[in-house]
Amino acid sequence: MTPAYVNTGFRWRNNVSMAVLIVVAVYGVWQLWRAAQEPADVSATDYLFGIGFVGGAAYGLWQLIREANDRVMTFEIDPASGIAVISLWRPFWIERMKAAPGDLGNWRYHVAIVGRSGRAFFVYADHKGHPRPLQFELRPKLDLAGLRTIAPDAIAEYEGKPATTPVQTNQPGTP
């Protein structure tokens, strides 16, 4: 298998984020326990902090898992057979999917708005055995040589180069 795409640091970032959120949740549970041990007139603030920390950690974990659900960590392909192996991050494991030559299609460039003015760049691909599009994150300093051979039009659009396939337009006088 030849690596065609590797999102370096993706697994490490997600695992560290998850660990931090678990620590925040444990601190929130400790705050709630401490509030239960104190008199009622003193414990109101501790209850609020506990609920805030547990709720914030739960929301953060939900966001982390939801956003990383379809993002590709590695994409490896066997040049001889065309079979690919796609790795997706999961909270406590890595899901690996195989793709036969006809299983991946509809490669397209996508720009996601992050916050108010930030942008994240992706190449999306549809896999017959996965319900949502697979997301290949395009970041600076990422080696796109392998992905460029598989999805040349999407990478060309990302790099601002003209596409390799001609675009048909309806001009006056043409059907």
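Each value in this text was obtained by applying a stated rule to the coordinates, not by laboratory testing. Fair warning: this is a prediction, and the values are worked out from it, not measured in the lab. FYI the Cβ positions are ideal-geometry reconstructions off the backbone, even for glycines, and counts take in every protein chain you see.
Structure notes:
- Subset tally (residues that are among the charged types (D, E, K, R), under 30 Å from residue 85 (Cβ atoms) and either free of Cβ contacts under 8 Å to residues at least 12 places away in the same chain or in contact with a helix residue (DSSP H, G or I) (Cβ under 9 Å, 6 or more places away or on another chain) (or both)) for segment 3-61: 1
- Output for segment 5-49, where each listed residue is small (Gly, Ala, Ser) and within 24 Å of residue 91 (Cα to Cα): 9, 17, 19, 25, 28
- All positions within segment 62-79 that are touching a Ser or Thr at 6+ places or on another chain (Cβ under 8 Å) and either aliphatic (A, V, I, L, M) or without any contact (Cβ under 8 Å) to a residue 40 or more places away in the chain (or both): 64, 72, 73, 77
- Checklist (1) exposed (fewer than 13 other Cβ atoms within 10 Å of the Cβ); (2) more than 30 Å from residue 148 (Cβ to Cβ) applied to residue 9, failing item: (2)
- Boolean, residue 90 is basic (Lys, Arg) and surrounded by 11 or more Cβ atoms within 10 Å (Cβ to Cβ): yes
- Out of 82, 55, 50, sole residue that is in contact with a Pro (Cβ under 9 Å, 6 or more places away or on another chain) and either loosely packed, with under 14 Cβ neighbours inside 10 Å or small (Gly, Ala, Ser) (or both): 82
- Filter pass, residue 120 being in a strand (DSSP E or B), free of Cβ contacts under 8 Å to residues at least 24 places away in the same chain and either surrounded by 17 or more Cβ atoms within 10 Å (Cβ to Cβ) or under 19 Å from the mean Cα position of the chain (by Cα) (or both): yes
- Subset of segment 66-86 [among the small types (Gly, Ala, Ser) and under 20 Å from residue 155 (Cα atoms)]: 82, 84
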